[in-house]
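The values are calculated or read from the model by the stated rules, or taken from the named source; none is laboratory data. The shown structure was predicted, so the numbers you read here are calculated from the model rather than taken from an experiment. When we count neighbours, we look across all protein chains shown, and the Cβ atoms used for this are built from the backbone with ideal geometry, even at glycine.
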Amino acid sequence: MSIKLVTYFSASGTTRTVAEHLAKAINADIVELIPALPYTASDLNWTDHASRCVREHENPSIRPEIADMPDISAYDTVFVGYPLWWEQAPNIIRTFLEGQDFSGKTVVTFATSSTSTRGADGAHLHGCCSTETNWKTGKRLTTRDGEAALSQWVKELGL
Ligand SMILES: Cc1cc2nc3c(=O)[nH]c(=O)nc-3n(C[C@H](O)[C@H](O)[C@H](O)COP(=O)(O)O)c2cc1C
C-alpha cells in the first residue's frame, strides 16, 4: 500500500474541485500549491499578449514562486494536478517538481481543461525530476468524474 499525496495548482477552482474528489476517493492527503503572487483575472487573460500567463508561457524559464512548499518526504506517490495552459502545465508546476527530490517516488499527473487532453499525461514534465523518479501516465479529469471512477483509475495504475 503506497502512501499518497494529492498536490495541485488551481487558478480558478476547477482543478481544486477535482483534486478534492480524487483525494477523498483514494484516501490521500491533499495540499494546494499556492502561488506567492496569486493570479488575478487579468493575469489569466490569454488574449492579452502582455498578460502574466502569456509572459510565463513565452518564457519557459520563469519559475513562479510557491508560497509554502509542501513536504513530500513521507509519501511514496505524489499526484500533481494542474489546469492545462496551452496544452502544458503552468510553469509553477515546474517550480514544484524541480524544488523537490522525487527519487524513488512515483509521480502521477492529472489535468483539467476546457477540451484538451494533450499535456495531461505529464510527459513534458519528466525532465524536471531526477531519472530515479517513477512516472505513471497521467490523464485529464473532470469535475464530473465520480469517486468510483477515480479510485478505479488509481487502482489500474497499480501503485
Ligand atoms: C492561460 C490559459 C490557457 C489555457 N489553455 C487551454 C488549452 O490549451 N486547452 C484547453 O482545453 N483549455 C485551456 N484553458 C482552460 C483551462 O485549462 C480550464 O479552464 C481549467 O479547467 C482551469 O482550471 P483551474 O480552474 O483549476 O485553474 C486555458 C486557460 C488559461 C487561463
Quiz item: List pairs: first in region 53-68 and basic (Lys, Arg), second modelled with pLDDT of 95 or more, Cβ under 8 Å, 6+ apart or cross-chain?
Solution: Arg55/Ile62; Arg63/Asn91; Arg63/Ile92; Arg63/Arg94; Arg63/Thr95; Arg63/Glu98
Quiz item: Does any residue of region 79-100 turn out to be part of a helix (DSSP H, G or I), modelled with pLDDT of 95 or more, surrounded by 14 or more Cβ atoms within 10 Å (Cβ to Cβ) and of a type in the set (Phe, Trp, Tyr)?
Solution: yes
Practice problem: Scan region 110-129 residue by residue and report those that are over 19 Å from Thr7 (Cβ atoms) and of a type outside the set (S, T, N, Q). | Solution: Arg118
Quiz item: If we keep just the residues of region 75-108 that are more than 23 Å from Asp43 (Cβ to Cβ) and β-branched (Val, Ile, Thr), which is farthest from the ligand (Cβ to nearest atom)?
Solution: Thr106
Quiz item: Could you say whether any residue in region 46-59 is surrounded by 15 or more Cβ atoms within 10 Å (Cβ to Cβ), more than 25 Å from Ala28 (Cβ to Cβ) and touching a helix residue (DSSP H, G or I) at 6+ places or on another chain (Cβ under 6 Å)?
Solution: yes
Exercise. Enumerate the pairs (first residue in region 134-151 and surrounded by fewer than 16 Cβ atoms within 10 Å (Cβ to Cβ); second residue anywhere and in a loop (DSSP other than H, G, I, E, B)) with beta-carbon separation below 8 Å, excluding pairs fewer than 6 apart on the same chain, so at least 6 apart or on different chains.
Key: Asn134/Gly104; Asn134/Lys105; Thr137/Asp121; Thr137/Gly122
